[in-house]
Amino acid sequence: MLPKLIASLSSNPLYFPSIETVAALAGEAKRLQLLGSLGFNVPRVLVASEEYLVLSDVGPSLKYWLTEAQPDAKQRREILLRAAAALAKLHQHNRWHGRPALRDLCWDGKQIGFIDFEENPHQQLSIDQCMVRDVLIFIHGLYRYLEHTDPLIEEVITEYRRLAPGRVWRDSLAVVEQMWLVYPLLELSHGLLGKDGKQALLALRQLRQHRSDQQRSKLPWIVLSLLLAYTLADQFD
């Protein structure tokens with residue numbers, strides 16, 4: 001519901017969900033083989049068919065580590081900083097994941113692994129846009145599993161920024177500025193935002209703090225959001 005509604009309010013291609021095709025499994029297998037050849041920690045394809053893939057294990061997901069394994073603060077910090085560095089390295093090689101939520105990143109005690117490449121936004125987006133989408137999804141994921149006041153969130157963002165291609169970081173902030181009006185609009189419009197949307201709003205707020213005064217919108221976001229909400233309110237009844 002939320003992606004479709006956001007897409008209807010914006011022409012930004014980052015808002016549109018990935019297109020799934022019958023060739024998704026074959027595409028995932030090819031991407032895994034390519035990334036493996038480049039030295040990234042991804043599952044090996046053991047068996048591939050038109051209906052399923054059998055893959056090797058690359059460790060428990062970060063979701064597991066943060067919700068069930070209950071690591072101490074030092075280990076949690078190491079895992080998330082390693083995740084930020086791994087995503088930045090992927091982007092340094094001009095590659096993207098497609099949906100780097102924390103359930104799609106793994107930790108085997110030594111290195112971060114990437115799994116679940118079935119989403120391929122490159123069907124609609126440029127490579128740079130795919131990487132920007134990665135950044136937004138990854139940071140959104142931090143708010144799903146950490147308290148929004150946890151200083152580790154900013155530390156993880158800073159680690160990605162330090163290691164990632166500068167253009168990808170700059171483009172991410174530019175998109176955040178464009179997106180900023182959408183989420184408050186939805187929040188003001190009959191409570192359409194659920195838990196997931198509110199976490200996204202927190203992520204946008206955090207990222208927007210990295211924008212310089214010269215880069216910020218001239219019109220305060222609250223004023224413009226209220227105007228848009230008033231104008232479009234009837235559409236959400």
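Bear in mind that the values in this text are calculations on the coordinates, not laboratory data. These figures come from a predicted structure and were not determined experimentally. Every residue, glycine as well, gets a Cβ built from its backbone with ideal geometry; the counts of neighbours run over all protein chains shown.
The stretch 130-180 and the stretch 104-126 have Cα centres lying 16 Å from one another. Taking Cα centroids, how far is the stretch 77-94 from the stretch 33-75 in Å? Taking the Cα centre of the stretch 33-75 as reference, the centre of the stretch 77-94 is 15 Å away.
Quick check on the stretch 79-190: what does the Kirkwood estimate of hydrodynamic radius come out to from the alpha carbon pairs, in Å? Present the calculation step by step, with values, prior to reporting the outcome.
Working: mean 1/r = 0.0683 Å⁻¹.
Value: 14.6 Å, from the Cα pair sum.
This ranking places Ile137, Ile127 by how few other beta-carbon atoms lie within 10 Å of each, fewest first, which gives Ile127, Ile137. For the stretch 169-176, 3J(HN,Hα) computed residue by residue from phi via the Karplus equation (6.51, -1.76, 1.60; θ = phi - 60°) reads 5, 4, 5, 4, 5, 5, 5, 4 Hz, glycine and proline entered as x. If you put +1 on each Lys and Arg Cβ and -1 on each Asp and Glu Cβ, how big is the dipole of the stretch 56-106 around its Cα centre, in Debye rounded to 20? Charge dipole, the stretch 56-106, about its Cα centre: 200 debye, nearest 20. Counting neighbouring Cβ atoms within 10 Å and putting the fewest first, the residues Tyr145, Tyr52 line up as Tyr52, Tyr145. Values of log10 I(q)/I(0) for the stretch 74-113 across q = 0.18, 0.21 Å⁻¹ run -0.47, -0.63, by the Debye formula with one identical scatterer at each alpha carbon and no solvent. Note on the stretch 25-151: Kirkwood radius taken over Cα pairs, Stokes-Einstein applied at 20 °C and 1.002 mPa s, translational D equal to 142 µm² s⁻¹. When each of Val47, Val176 is scored by the number of other beta-carbon atoms lying within 10 Å, the sequence from fewest to most is Val47, Val176.
Can you tell me the order of 97-104, 66-73 when each peptide is scored by its average per-residue count of other Cβ atoms within 10 angstrom, highest first? Mind dumping the intermediate values first?
Numbers: 97-104: 22.2, 66-73: 11.8.
The packing order, highest mean first, is 97-104, 66-73.
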